[in-house]
Amino acid sequence: MISVEVLLDSLLFSNLITLMAIGLTLTYLTLKIPNFAHGDMATVGAYIVLTICRTYSLNPYLTFPLAFLGSGSLSLLSYLFVYRPLSRRRASIVVLMVASIALEIIIRSALHVYADIMSSLQRTYYRGLTYYVIKGFKEGTLKFGIYEIPLVTITSTLAVALITLFLYLFLTKTKFGIAMRAAIENPNLASTLGINVNKVYSTSWFIAGGLAGLSGAFLPFRIPTSPELGWELLLKTFAASTLGGLESVFGAIIGGYVTGFAEIMGISILSGPPFNLSTSYRPAIPLVVLIVTLLLVPRGLTSINFGRLIRRG
Amino acid sequence: MLAVKELKAGYDKLKVLYGVSFEVREREILAVVGPNGSGKSTLLKAIFGLATVHGGKVVFEGEDITGLPPHVKAKRGLAYLPQIGNTFERLTVYENLMMAGYTLSKEELKERMEEVLSFLPYIAPYLGRKVWNLSGGERQMVAMAMALMRRAKVLMIDEPTAALAPKVVKKLLRKITELRDVLGKGVILVEQNARSALEICDRALLLVAGKQIFLGDPNDLLSDRDLARTYLGVK
């Protein structure tokens, strides 16, 4: 039997994976590269909030916009100074992918250096941190009948809902958003129509990094943050984007929830009676779901024609 | 309006065209015909800046535009409608027209859309539909509408009738003649179906293996039995 707590944990975890998967899909749509440095944008976001809030004893939520801006800017810089020049030199997908792995290692190493410096400056171990290291921090809950729902589950769900609504309105109702879809689909045609493809791609990379940063800002509520965290979450994020078909932001949202719920609910079911298995296989769960889904639906969940299925049923 | 002088072009070092020259005036259709692999599509790409120009010139309204990038040529009034990839398939027809008028103000966009829809009323019922749901003929109409949104003066259309039903081909070719007769545009029409292109054009250019074999009255080309039979499959 799945408890309400497990469902709430699944929802929270799915929200975080979804925010990252939306960004990863956006970067994939522009240059068609699997961006291995995307997970580190989340770690950067987490460290921005942790550093500021620990230094000034602030409520983490107040600094969330800075996590979005910081990670968004880093993502934009990576596009402008690494991926765009390589792409203009007609680098193959393999070359771009290797460049993203190199960048990932550089950012992760820089975060380790940062953690060491901060450890000596603030005399606190800067790895494995949660928001409980902030003076006066207390995680709130909301009571619904007999259930107490952690505030972070509500805020992260609201964040995903608002971002989904924003992206929908931006991409379908604004001229620049439609131009973004056009430039992603056919950059050559878009540029002949006077659309500034570079501006569109830069915006996509900024939003992508910003969303990863936002996801990272939610992480230390539950997950101990260290420089390796983004790298550890990356494979799950890839699984979510791929499940969603890699070609749709809204597919990434579906993929994020399937991946997140599969992992948390899967581990809860398999570690309890009658299975009583250990939890060390946890990272494999979303990947098993990914492989099984792709064997059944090779182009991802968004390629399923639900209308036809319902009519057949 | 558009003059091509001794144009030599290809892809990087590969040579495809060996010196092609012609002019397109206002209210004129020039049909470019020839067997497969003769360089017809490369000619349009080279004029628009999408192929490598090895020599020669492209002059538009008295100005040498040979080396200009495609988006600048588009802004000047040249439109290129490739056989595929000439619309945004994941966007609706309305969004496609909106993107064609991306640089226009809201009022201008509305005005031009009305203008274009009165010329191409067939696409009006499909404004809210995604282009990938349209038939080949309808997609060509959308591509044409996008060129008209930009008030292109010369339209270069690459094999618009490929893989279309005969009824749709007729409709599409009629619209191309109206581009000339009603709107006064210059048209360069590349066509595999030589006979139907020669029926509607004012002048014809025959390309064979990248070389210009004939330029002149389409009736003269059709009446030259050797050329018509060897290269155009006309009996």
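How much accessible surface does A:I291 have with a 1.4 Å probe, in Å² rounded to 10?
Estimated to the nearest 10 Å², A:I291 gives 100 Å².
Cross-link partners among aspartates and glutamates for B:K106, C-alpha distance below 17 Å, same-chain residues fewer than 8 apart left out?
Result set, ordered by chain and number: B:E95, B:E114, B:E115.
For a quick size check, give me the Cα extents of the stretch B:1-134 along its three principal axes, largest first, whole Å.
45, 32, 26
Can you compute the charge dipole magnitude of the stretch A:126-244 about its Cα centre, using +1 on each Lys and Arg Cβ and -1 on each Asp and Glu Cβ, nothing else charged? Give it in debye, rounded to the nearest 20.
240
When the convex hull of the Cα atoms of the stretch B:116-235 is projected onto a plane and the area is averaged over all directions, what value comes out in nm²?
Value for the stretch B:116-235: 8.3 nm².
Please state the charge dipole magnitude for the protein assembly as shown, taken about the Cα centre, from unit charges on C-beta atoms (+1 on K and R, -1 on D and E), reported in debye and rounded to the nearest 20.
440
Out of the total accessible area of chain B (probe 1.4 Å, heavy atoms of protein only), what percent is carbon and sulfur?
Whole-percent figure for carbon plus sulfur exposure: 49.
Among A:G230, A:G140, A:G45, determine the one that fluctuates most according to a GNM of chain A built with springs between C-alpha atoms less than 10 Å apart.
In this elastic network of chain A, the residue with the biggest mean-square fluctuation among A:G230, A:G140, A:G45 is A:G140.
Check B:G55: other-chain or 5+ apart residues with amide H under 5 Å from its amide H, H built from backbone geometry?
Answer set, sorted by chain and number: B:K8.
Translational diffusion coefficient, Stokes-Einstein: compute it for the stretch A:60-125 using the Kirkwood radius over C-alpha pairs as Rh, at 20 °C and 1.002 mPa s, and state it as an integer in µm² s⁻¹.
For the chosen part, D equals 153 µm²/s.
Over chain A, calculate the relative contact order: mean separation of alpha carbon pairs under 8 Å at least 6 apart, over the residue count, as a percent.
Relative contact order here is 35 percent.
Along the Cα→Cβ direction, 7 angstrom out, place labels at A:I304 and A:K32. What is the inter-label distance in nm?
Placing both labels 7 Å beyond Cα along the Cβ direction yields 2.8 nm.
According to the Cα gyration tensor, what semi-axes, each the square root of 5 times an eigenvalue, does the equivalent ellipsoid of the stretch B:182-235 have, listed from largest to smallest in whole Å?
Rounded to whole Å, the semi-axes are 20, 12, 10.
Rolling a 1.4 angstrom probe over the protein chains, ignoring ligands and nucleic acids, what is the accessible area of B:S135 in square angstrom, nearest 10?
Surface open to solvent at B:S135 totals about 60 Å².
Just check the stretch A:8-153 against the gyration tensor rule for me: Cα atoms, a ≥ b ≥ c as the square roots of the eigenvalues, rounded for a/c under 1.5, and otherwise prolate or oblate depending on whether a/b exceeds b/c.
Oblate, since a/c reaches 1.5 and b/c is not below a/b.
Measuring from label point to label point, each 7 Å out along Cα→Cβ, what is the A:Y132 to A:T55 span in nm?
Taking the simple label geometry, A:Y132 and A:T55 are separated by 2.5 nm.
Given a Förster radius of 41 Å and the C-beta distance between B:K170 and A:N196 as r, what FRET efficiency does 1/(1 + (r/R0)^6) yield to the nearest 0.05?
The pair B:K170/A:N196 has a calculated efficiency of 0.55.
For the protein assembly as shown, count all C-alpha to C-alpha pairs, find those more than 41 Å apart, and express that count as a whole percent of the total.
Percentage above 41 Å: 38.
Tell me what the protein assembly as shown gives for mean residue ellipticity at 222 nm when only DSSP H runs of n ≥ 4 count, each as -39,500 (n - 2.57), the sum divided by the residue total, rounded to 500 deg cm²/dmol.
Only helices count here, giving -18000 deg cm²/dmol.
Do any residues of the stretch A:187-227 lose at least 10 Å² of accessible area when the full set of protein chains is present rather than just their chain alone, and if so which, with a 1.4 Å probe?
The answer is A:L189, A:S191, A:T192, A:L193, A:G194, A:I195 - residues whose exposure falls by at least 10 Å² when every protein chain is included.
Given a cut-off of 29 Å, name the pairs among B:K8/B:K73; B:K130/B:K167; B:K110/B:K171; B:K40/B:K153; A:K199/B:K57; A:K173/B:K45 whose C-alpha atoms lie farther apart than that in the structure shown.
A:K199/B:K57; A:K173/B:K45
Can you pull the percent of Cα pairs in chain A with separation above 38 Å?
14
At 0.36 nm per residue, minus the direct Cα-Cα distance, what do A:V98 and A:Y168 gain on full extension? Give it in nm, one decimal, please.
Full extension of this stretch gives 22.0 nm more.
With every protein chain kept in the model, how would you rank A:R123, A:R84, B:R25, B:R90 by accessible area, 1.4 Å probe, largest at the top?
Heavy-atom accessible area, descending, gives A:R123, B:R25, B:R90, A:R84.
Within the stretch A:137-204, report the trypsin sites (Lys or Arg not before Pro) that DSSP leaves as loop and that have at most 12 other Cβ atoms within 10 Å.
For trypsin sites (Lys or Arg not before Pro) across the stretch A:137-204 that sit outside H, G, I, E and B with at most 12 neighbouring Cβ atoms in 10 Å, the list reads A:K138.
Can you send over the solvent-accessible area of B:V53, 1.4 Å probe, protein chains only, in Å² to the nearest 10?
The accessible area of B:V53 comes to roughly 50 Å².
Tell me, what is the FRET efficiency for A:F250 and B:L14 to the nearest 0.05, using R0 = 60 angstrom and their Cβ-Cβ distance as r?
Calculated transfer efficiency: 0.90.
Rounded to the nearest 0.05, what FRET efficiency is calculated for A:I146 and B:L183 with R0 set to 51 Å and r the Cβ-Cβ distance?
Efficiency for this residue pair is about 0.10.
In the stretch B:45-75, what residues drop by 40 Å² or more of accessible area when the other protein chains are put back, versus the chain on its own? Use 1.4 Å, and skip ligands and nucleic acids.
Buried on complex formation: B:H71.
What's the carbon and sulfur percent of chain A's accessible surface, probe 1.4 angstrom, rounded to a whole number?
The C+S portion of the solvent-accessible surface of chain A is 69 percent.
What Kirkwood hydrodynamic radius, in Å, does the stretch A:254-307 give when the mean of 1/r is taken over all pairs of distinct Cα atoms and then inverted?
12.2
7 Å from Cα along Cα→Cβ at both B:K57 and B:N219: what's the point-to-point distance in nm?
Result for the modelled spin labels: 3.4 nm.
Buried accessible area for the A:B pair, summed, 1.4 Å probe, in Å² rounded to 100?
1700
With every protein chain left in place, what is the accessible area per residue of chain A in square angstrom, probe 1.4 Å?
46
The values are calculated or read from the model by the stated rules, or taken from the named source; none is laboratory data. This one's a predicted model, so the numbers in the text were calculated from it and none came from an experiment. Using ideal geometry, Cβ is built from the backbone for each residue, glycine included, and neighbour counts are taken over all protein chains shown. These accessible areas exclude ligands, DNA and RNA; they are computed on the full protein's heavy atoms, side chains included. Shrake-Rupley method; radii C 1.70, N 1.55, O 1.52, S 1.80 Å.
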